[in-house]
Amino acid sequence: MTLFRRQDKLDNAATRWYDQYYNKSLNEWMYGKNKKEIYNNLKVLKKPVKASDVDAIIGNSSWTEHKCQTCDTTKEALIFLEGKYFNGYDGPNFLICKECLEKSLNIIKD
């Protein structure tokens, strides 16, 4: 389990973009010529980075959404649950907010 804050996600948008779209072994940008330009625009954003600035640079909100996967509500802080299958292999991961986590604990208590 890991605490996953929206502002951390925003502040690290340039690094995450680079990791996603730059192939270090080939020394080139992947999936379109605009990826480097987007990276250069992201890396000059002043912290704390605003979601609206990232959205405007990328052209959509897919990199700034930070929603609980139970209640579908945008939250500043989520818990990242890393899934594991019974055989030890990686399973599905999950993001859950404090409120939904507390509801689930109440279900277990009852």
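Taken together, the values in this text are just the output of simple stated rules run on the coordinates, not laboratory data. Bear in mind that the values here come from a model prediction, so they are computed numbers and not experimental data. Note that each Cβ is placed from the backbone with ideal geometry, even for glycine, and that neighbours are counted across all protein chains shown.
What is the Rg over Rh value, at two decimals, for segment 40-110, using alpha-carbon atoms and the Kirkwood definition of Rh? List each step's numbers first, then the result.
Working: Rg = 16.4 Å, Rh = 14.7 Å.
Computed over Cα atoms, the ratio is 1.12.
Rounded to the nearest 500 deg cm²/dmol, what is the calculated helix-only ellipticity per residue at 222 nm for the chain, with -39500 (n - 2.57) per DSSP H run of length n ≥ 4?
Details: 5 runs with 45 residues, N = 110.
Rounded to the nearest 500, it is -11500 deg cm²/dmol.
Set the bar at 19 Å for Cα to Cα. Now go through 9/47; 33/67; 9/75; 67/98; 67/103; 43/98 and name every pair that lies beyond it.
Details: 9/47 11 Å; 33/67 30 Å; 9/75 12 Å; 67/98 12 Å; 67/103 17 Å; 43/98 31 Å.
The answer is 33/67; 43/98.
Compute the relative contact order of the chain as a whole-number percentage, counting only Cα pairs closer than 8 Å that sit 6 or more residues apart in sequence.
Details: 130 pairs, mean separation 28.7, N = 110.
Computed over the chain, the figure is 26 percent.
Please quote Rg/Rh for segment 1-70 to two decimal places, taking the Kirkwood radius as Rh and restricting both calculations to Cα atoms.
On the way: Rg = 12.8 Å, Rh = 12.9 Å.
Reported Rg/Rh (Cα atoms, Kirkwood Rh): 0.99.
Using modelled amide H (1.01 Å from N, peptide plane; none on Pro or chain starts), what sits under 5 Å from the amide H of residue 70, excluding residues fewer than 5 places away?
For residue 70, whose amide H was placed from the backbone, the distant partners under 5 Å are 97.
Roughly how many nanometres apart are two label points built 7 Å out from the Cα toward the Cβ at residue 30 and residue 4?
2.0 nm
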